[in-house]
Amino acid sequence: MLPLIYHPVYSDFPLPEGHRYPLQKYRLLFERLQTLALPVRFHQPAPATREVIDAIHDPNYVSQLLEGHLPLVKMRRIGFPWSRALITRSLTSLGGTTLMVDHALRSGFAIHLTGGYHHAHYDFGSGFCLFNDLMIAARHALTQPGVDKVMIIDCDVHHGDGTAALAANHPDIMTFSVHCEKNFPSRKPPSDLDLPLPKGTQDQDYLDAFLPLLDLALAQHRPDMVIYDAGVDVHQDDALGYLSLSANGIYQRDVGVLSRCAYNDIPVAAVIGGGYHDDQHHLVPLHEQLIQAAINAFPATISPLEVS
Ligand SMILES: [Zn+2]
């Protein structure tokens, strides 16, 4: 059965009216998946420990954020008003991050029905990201037996600036960001591999640029595990992205990544990443495709005989 990680608090913290963050999409996606007869099993995480977060972030930043003492200017950069519920949500989702990695190493594949907080840096957050779950996933994976190299493949439309900066001095973590070249964030510290794409890039040009580079990166780096950010804000209708992929183009991208990993016996931990639309119902089928792509790419994982 395909392990899916989810907790109801993912869609539960207060936001001002009209805020751009698609808070309800996590709940909507979970509810939709429950109505389908898919070979999946849901797992609910417990909140992460402080130790997990301090391993990659400035302990002073972490304390200020957890206790509600972060200067207002820094909260504004994150883009959320501080609340106890926001902290509970963040800690629980980081618990989901490590749970996702554990299940992926056991089953070959796991999906976290949130995540992709790639704009969080060592001592500040930005762009709706408090703590960098992709780095936490990579660091957690590296503590597990048989994992010496991890590759973070970030296909969210926005550059993975926080991840690039945090992983800069970690030769065992390779970062690969595929993003729109003219989009948030304005400062883009170099990933190990960056593929900036022009505004308006469509399916075929995207896949022709990305997949051969992915083949090269996998062959050269030979990771023991892949952390995959499958953001759907590359979609042509996205409110915050400037690429022009169709739903089918996103599906081909996901199948391209997952089938290559499956072929090379590389476990994958995937997060659903970004996706923005005034009507959050539009995002559900786009994120749902990732689950379908995983079921098609990792048939062994979903064998009903397998205990996960
Ligand atoms: Zn994004």
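The values are calculated or read from the model by the stated rules, or taken from the named source; none is laboratory data. No experiment lies behind these values; they were computed from the predicted model shown. Every residue, glycine among them, receives a Cβ derived from its backbone with ideal geometry; neighbour counts consider all protein chains shown. Just so you know, the surface numbers come from the protein's heavy atoms only, side chains and all, with ligands and any DNA or RNA stripped out. Shrake-Rupley method; radii C 1.70, N 1.55, O 1.52, S 1.80 Å.
Given the residues 226, 178, 257, which is the only one that is open to solvent by less than 50 Å² (accessible area, probe 1.4 Å) and within 13 Å of the ligand (Cβ to nearest atom)?
Working: 226 fails: within 13 Å of the ligand (Cβ to nearest atom); 257 fails: within 13 Å of the ligand (Cβ to nearest atom).
Every option except 178 fails the conditions.
Restricting to the stretch 51-89, name every residue that is of a type in the set (Val, Ile, Thr) and free of Cβ contacts under 8 Å to residues at least 12 places away in the same chain. Result: 73, single match. For the stretch 109-157, filtered to residues that are within 13 Å of the ligand (Cβ to nearest atom) and closer than 22 Å to residue 215 by Cα, the residue that is farthest from the chain's Cα centre (by Cα) is 157.
Scanning the stretch 263-287 for residues that are within 15 Å of the ligand (Cβ to nearest atom), touching a helix residue (DSSP H, G or I) at 6+ places or on another chain (Cβ under 6 Å) and β-branched (Val, Ile, Thr) returns a single hit, 272.
Anything in the stretch 201-245 that is of a type in the set (A, V, I, L, M, F, W, C) and either in contact with a Phe, Trp or Tyr (Cβ under 6 Å, 6 or more places away or on another chain) or free of Cβ contacts under 8 Å to residues at least 60 places away in the same chain (or both)? List them, or say none.
So the first thing to find is which residues in the stretch 201-245 are of a type in the set (A, V, I, L, M, F, W, C), and the list is 207, 209-211, 213-214, 216-219, 225-227, 230, 232, 234, 239-240, 243, 245.
Once the filter is applied, which keeps residues that are of a type in the set (A, V, I, L, M, F, W, C) and either in contact with a Phe, Trp or Tyr (Cβ under 6 Å, 6 or more places away or on another chain) or free of Cβ contacts under 8 Å to residues at least 60 places away in the same chain (or both), the stretch 201-245 yields 207, 209, 210, 211, 213, 216, 217, 219, 232, 239, 240, 245.
Scan the stretch 139-154 and give yes if some residue there is crowded, with 19+ Cβ neighbours inside 10 Å, closer than 17 Å to residue 274 by Cα, in contact with a strand residue (DSSP E or B) (Cβ under 6 Å, 6 or more places away or on another chain) and not acidic (Asp, Glu), otherwise no.
Step one: of the stretch 139-154, the residues crowded, with 19+ Cβ neighbours inside 10 Å are 139-141, 150-154.
From the residues that got through so far, the ones that are closer than 17 Å to residue 274 by Cα too are 152-154.
Checking the rest, the ones that are also in contact with a strand residue (DSSP E or B) (Cβ under 6 Å, 6 or more places away or on another chain) come to 152-154.
With the extra rule that they be not acidic (Asp, Glu), the set shrinks to 152-153.
Yes, the stretch 139-154 contains at least one residue that is crowded, with 19+ Cβ neighbours inside 10 Å, closer than 17 Å to residue 274 by Cα, in contact with a strand residue (DSSP E or B) (Cβ under 6 Å, 6 or more places away or on another chain) and not acidic (Asp, Glu).
Quick one: would you say residue 34 is polar (S, T, N, Q) and over 28 Å from residue 84 (Cα atoms)? Here the answer is yes, as residue 34 does meet what is asked. In the set (1) exposed (fewer than 14 other Cβ atoms within 10 Å of the Cβ); (2) touching a residue at least 40 places away in the same chain (Cβ under 8 Å), residue 198 fails one condition alone, (2).
Remark: pairs (first residue in the stretch 97-115, at positive phi; second residue in a loop (DSSP other than H, G, I, E, B); Cβ separation under 6 Å; 6+ apart in sequence or on different chains) = 108/267; 108/298; 108/301. Here residue 232 does not qualify as among the aliphatic types (A, V, I, L, M), within 15 Å of the ligand (Cβ to nearest atom) and in contact with a strand residue (DSSP E or B) (Cβ under 8 Å, 6 or more places away or on another chain). In the stretch 274-293 there is at least one residue that is modelled with pLDDT of 95 or more, in a helix (DSSP H, G or I) and within 18 Å of residue 101 (Cα to Cα).
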